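Novice: Pasting in a structure now, in structure tokens, and then I'll have a few things to ask.
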Amino acid sequence: MRRNITPERLWQEMGILSPDDVDIEVMAYFCGVRVKYRELTSCAARIVGKGNKAIITVDQDASIERQRFSIAHELGHWAQDHGQVSVSCRSKDLTPFKLKDYKGDREAAANRFAVELLMPTYLFKEAARGMAATMANASALGRQFRVSLTAAAIRLVELGSFPAIVVCSNNGGYRWSWRHPDIPLSIRVNRLIGRNSVAHSLRVDASIASPGPTTVDADEWVNHAGVEHYVVVEDSVRVGRGSVLSLVWWEDETALIRSELDEN
Ligand SMILES: [Zn+2]
């Protein structure tokens, strides 16, 4: 693989037109990389490469979505460090929400490569056009692009038509969030998610099923001047290990526009 090749160039050079045609192992092969499935204990995935050949090893026990994301992530390392690479990646590095490349963070850069490889911007935007930021829609996009619900939800928020935030929380409260570019930075996500949110009830009572999109007071989720005067829509689901994934969006965007005007 040539140094600094982009995911979009890879799609073009391989002549791939739709997510149905993405065989990640064939893509790896195209880049001179063979994929092995093994029991891994010291790391979640790794790549060792020299010259123009490399071998990626992924955890044989991981889900297919996880294996695909891991292979795409390791190809990201290969694109950056072609010629000589030996990287072992931990589970906490292989996450679609860790995408911001602060100070040359190689793991974040590899995650960004993986997200773009599995869900290219131009195709995902087209697929998500006009879709509300619901879990049902994120789930359908996840099936279409064969990625996890979390990865699809992040991409739906990042590239979707409507302003929304995706938030992951657990018993300790806020873990991470990702926002649509139109949401002003003055709107901050609460570090303690409100007790009247659906996410809170899903965390404290295991017998409750996800109710789907639900209208809640905006201050259950966010904090900014005037937040007490309006509502947002929340769609929350459990995603394992005590975590809840929530999509929060604004049916009435007036509050967002006011915040943006206040900022400028
Ligand atoms: Zn890595």
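The values are calculated or read from the model by the stated rules, or taken from the named source; none is laboratory data. Every value quoted in this text rests on a predicted model; they were computed, and no experiment measured them. FYI the Cβ positions are ideal-geometry reconstructions off the backbone, even for glycines, and counts take in every protein chain you see. With ligands, DNA and RNA removed, areas are computed over all heavy atoms of the protein, side chains included. Shrake-Rupley method; radii C 1.70, N 1.55, O 1.52, S 1.80 Å.
Novice: Of all residues in segment 191-243, which are at pLDDT 95 or above, open to solvent by 80 Å² or more (accessible area, probe 1.4 Å) and not in a loop (DSSP other than H, G, I, E, B)?
Specialist: T215, D217, R238
Novice: Follow-up. Out of segment 13-37, which residues are open to solvent by 100 Å² or more (accessible area, probe 1.4 Å) and at pLDDT below 90? It would help to see each step written out before you state the result.
Specialist: First, the residues of segment 13-37 that are open to solvent by 100 Å² or more (accessible area, probe 1.4 Å): 17, 20, 29-30, 34.
Listed by number, the residues that qualify are L17, D20.
Novice: If you don't mind, another one. Conditions: (1) of a type in the set (A, V, I, L, M); (2) closer than 20 Å to A152 by Cα; (3) in a loop (DSSP other than H, G, I, E, B); (4) open to solvent by less than 80 Å² (accessible area, probe 1.4 Å). L40 meets all but one. Number of the miss?
Specialist: Here L40 meets the rest and fails (2).
Novice: Any idea which of (1) more than 13 Å from the ligand (Cβ to nearest atom); (2) within 25 Å of I16 (Cβ to Cβ) is the one L75 doesn't satisfy?
Specialist: (1)
Novice: Output the number of residues of segment 66-75 satisfying the condition of being in contact with a strand residue (DSSP E or B) (Cβ under 7 Å, 6 or more places away or on another chain) and open to solvent by 30 Å² or more (accessible area, probe 1.4 Å).
Specialist: Total satisfying the criteria: 0.
Novice: If the requirement is being away from the ligand (no atom under 16 Å from the Cβ) and either open to solvent by less than 30 Å² (accessible area, probe 1.4 Å) or within 11 Å of the chain's Cα centre (by Cα) (or both), which of these qualifies: T150, T121?
Specialist: Working: T121 fails: either open to solvent by less than 30 Å² (accessible area, probe 1.4 Å) or within 11 Å of the chain's Cα centre (by Cα) (or both).
That would be T150, the only listed residue that is away from the ligand (no atom under 16 Å from the Cβ) and either open to solvent by less than 30 Å² (accessible area, probe 1.4 Å) or within 11 Å of the chain's Cα centre (by Cα) (or both).
Novice: Shifting gears a bit: Pull up segment 45-65, narrow it to residues that are hydrophobic (A, V, I, L, M, F, W, C), open to solvent by 50 Å² or more (accessible area, probe 1.4 Å) and assigned to a strand (DSSP E or B), then point me to the one that is nearest to the ligand (Cβ to nearest atom).
Specialist: Step one: filter segment 45-65 for residues hydrophobic (A, V, I, L, M, F, W, C), giving 45, 47-48, 54-56, 58, 62, 64.
Okay, now just the ones that are also open to solvent by 50 Å² or more (accessible area, probe 1.4 Å), so 48, 55, 64.
Those still in the list that are assigned to a strand (DSSP E or B) too: 48, 55.
Working: V48: 13, I55: 15 Å.
Filtering segment 45-65 for residues that are hydrophobic (A, V, I, L, M, F, W, C), open to solvent by 50 Å² or more (accessible area, probe 1.4 Å) and assigned to a strand (DSSP E or B), the one nearest to the ligand (Cβ to nearest atom) comes out as V48.
Novice: Still on this model: Go through segment 184-241 and give me each residue that's touching a residue at least 60 places away in the same chain (Cβ under 8 Å) and farther than 19 Å from A138 by Cα.
Specialist: P184, L185, S186, I187, R241, listed by residue number.
Novice: Still on this model: Any idea which of (1) open to solvent by less than 40 Å² (accessible area, probe 1.4 Å); (2) within 20 Å of R155 (Cα to Cα) is the one V87 doesn't satisfy?
Specialist: If we test V87 against (1) open to solvent by less than 40 Å² (accessible area, probe 1.4 Å); (2) within 20 Å of R155 (Cα to Cα), just (2) comes out false.
Novice: Same structure, new question: Of all residues being over 15 Å from D235 (Cα atoms) and in contact with a strand residue (DSSP E or B) (Cβ under 6 Å, 6 or more places away or on another chain) in segment 161-177, which is most open to solvent (accessible area, probe 1.4 Å)? Just the residue, please.
Specialist: Going through segment 161-177, the residues over 15 Å from D235 (Cα atoms) turn out to be 161, 170-176.
Restricting the remaining residues to those that are in contact with a strand residue (DSSP E or B) (Cβ under 6 Å, 6 or more places away or on another chain) gives 170, 175-176.
Numbers: N170: 45, R175: 111, W176: 20 Å².
Among those residues, the one meeting the criterion is R175.
Novice: Follow-up question, since we're still on this one. Among the residues of segment 78-85, is any of a type in the set (D, E) and near the ligand (Cβ under 10 Å from one of its atoms)?
Specialist: Step one: list which residues in segment 78-85 are of a type in the set (D, E), which gives 81.
This time we only want the ones that are near the ligand (Cβ under 10 Å from one of its atoms), so: none.
No: segment 78-85 contains no residue that is of a type in the set (D, E) and near the ligand (Cβ under 10 Å from one of its atoms).
Novice: Scan segment 153-179 residue by residue and report those that are without any contact (Cβ under 8 Å) to a residue 40 or more places away in the chain and part of a loop (DSSP other than H, G, I, E, B).
Specialist: Keep residues of segment 153-179 that are without any contact (Cβ under 8 Å) to a residue 40 or more places away in the chain, which gives 158-161, 172-174, 177, 179.
Once the filter is applied, which keeps residues that are without any contact (Cβ under 8 Å) to a residue 40 or more places away in the chain and part of a loop (DSSP other than H, G, I, E, B), segment 153-179 yields G160, S161, G172.
Novice: Inside segment 90-104, can you point out the residues that are open to solvent by less than 50 Å² (accessible area, probe 1.4 Å) and more than 10 Å from the ligand (Cβ to nearest atom)? Spell out how you get there, then give the answer.
Specialist: Of the residues in segment 90-104, the ones open to solvent by less than 50 Å² (accessible area, probe 1.4 Å) are 93-96, 99.
Residues satisfying the conditions are T95, P96, L99.
Novice: A further question on this structure: State yes or no: is A136 in the same structural domain as R241 (by TED's automatic domain parsing) and either within 16 Å of the ligand (Cβ to nearest atom) or open to solvent by less than 10 Å² (accessible area, probe 1.4 Å) (or both)? Let's see the steps before the verdict.
Specialist: On the way: in the same structural domain as R241 (by TED's automatic domain parsing): yes; either within 16 Å of the ligand (Cβ to nearest atom) or open to solvent by less than 10 Å² (accessible area, probe 1.4 Å) (or both): no.
Answer is no for this residue.
Novice: Further question on the same structure: Any residue in segment 132-152 that is within 17 Å of T214 (Cα to Cα) sitting within a Cβ distance under 7 Å of a residue that is assigned to a helix (DSSP H, G or I) and open to solvent by less than 40 Å² (accessible area, probe 1.4 Å)? List the pairs, counting only those 6 or more apart or interchain.
Specialist: Between residues of segment 132-152 that are within 17 Å of T214 (Cα to Cα) and residues that are assigned to a helix (DSSP H, G or I) and open to solvent by less than 40 Å² (accessible area, probe 1.4 Å), the close pairs are A133/L156; A133/V157; N137/L156; A138/A152; A138/A153; A138/L156.
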